[in-house]
Amino acid sequence: MKTNTICLLSVFLASQLLYGCSFARLTVTASMPMIEGGFIALNRETDLILAEAAMPANIELIEGMLINAPDNIKLRLYASQAYYGYSYGFVEDNNKVRASNLYYRGFKHGISALKYHGLNEDLLTLPLDSLQSFVSNLDNNATASLFWTASCLAKWVDMNRDKPESIAQMSRANILMQRVLELDENFFMGGAKLFFAVYYGSKPPILGGDYQKSEHYFSMARSFNSDKLLLVDLLQAQYLDRQLLNRKQFITRLNKILETPDNIYPDQSLLNMIAKRKATLFLKKESTWF
């Protein structure tokens, strides 16, 4: 009798644990529209102070939801995007060490998303030919996972340019982003075009730079966004104009950003306001950059 009671109690407790787990996952699924709506609202925000204050709480909310639903690929990608956006917009200009850590956390979430698509090995140690083979077999469903993983990895490398072992990982980001370019060149406002515009424009030809390719990709990104995404001009000034030592174009481009109406691209107001803040910062660095 006692044994039967213990068995029944064990079954009951197990069922409650399973129910609790299932309920938690259902709660996460039901909350996804609010997370998606939150991203839309944040992207439309024009007040940088409000946005900076809100983003850490949003990141922690996503992290908490992932505890209950670790295999939710949409949440993984939201986490990766959130770490990237927060680091780029509010951290890297003042604290590169912290930004590096945050970009790496975003990268790890991207890796978790890629595992859903079949990545079974460590991306940072996987031979390049094996990585190329893996991404070549991915279809459009993997575009977002490739994009955010590559984006966070590239920025992590950017924050660690003094470390040769970090610089060596850039080739992996290129492989991932090249596949994004092949699958959907217009994903996230043509982000892959901007990636390669910066890649080819940020270094001299002897090190793999190609200024014509850089200009081409910047022009494509600008055209796709109808010249409303201020990030295009910001990055071209920061990387290509500096590399070409074109001080006049650097100043002209950044002043154009500052003179653009805040509401030119309502759905990407936050990114445009970040571009304006960075433009002001870069203009202050003009004398040291040229």
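Laboratory data are not the source of any read-out in this text; all were calculated from the coordinates shown. It should be emphasised that the depicted structure is a prediction, and the values quoted were computed from it without experimental measurement. Here Cβ is always computed from backbone atoms with ideal geometry, including for glycine, and neighbour counts include all displayed protein chains.
Quick notes
- Taking A279, A237, A53 as the candidate residues, the one with maximal mean-square fluctuation in a Gaussian network model of the chain, Cα springs under 10 Å, is A53.
- From its DSSP helices (H runs of at least four residues, each -39,500 (n - 2.57)), the chain gives a residue-normalised ellipticity at 222 nm of -24000 deg cm²/dmol.
- Cα gyration tensor category, rounded, prolate or oblate, for the range 19-184 with a/c compared to 1.5: oblate
- FRET E, pair K256, I49, Förster distance 22 Å, beta-carbon r, rounded to 0.05: 0.35
- Look at where the Cα atoms of the range 46-84 and of the range 138-157 average out, and the two centres are 17 Å apart.
- Stretched out straight at 0.36 nm per residue, the stretch from S133 to W289 would grow longer than its current Cα-Cα span by 52.1 nm.
- The slack in the chain from T280 to I264, taken as 0.36 nm per residue of separation less the alpha-carbon distance, amounts to 3.9 nm.
- Straight-distance crosslink candidates among lysines, where the alpha carbon sits under 20 Å from K248 and sequence neighbours closer than 8 are dropped: K203, K256, K276, K278, K284, K285
- The distance between label points at I67 and S219 comes to 5.2 nm (points 7 Å beyond Cα on the Cα→Cβ vector).
- Only Cα pairs under 8 Å and 6+ residues apart enter the sum, and on that basis the relative contact order of the chain stands at 15 percent.
- By average C-beta atoms within 10 angstrom, highest first, the peptides 101-111, 158-168, 199-209: 101-111, 199-209, 158-168
- Total formal charge among the other residues, if their Cβ is under 11 angstrom from that of M220, Lys/Arg +1 and Asp/Glu -1: +1
- Convex hull volume of the range 185-290 per residue (C-alpha atoms, cubic angstrom): 86 Å³
- Between I40 and F188, full extension at 0.36 nm per residue minus the direct alpha carbon distance yields a gain of 52.0 nm.
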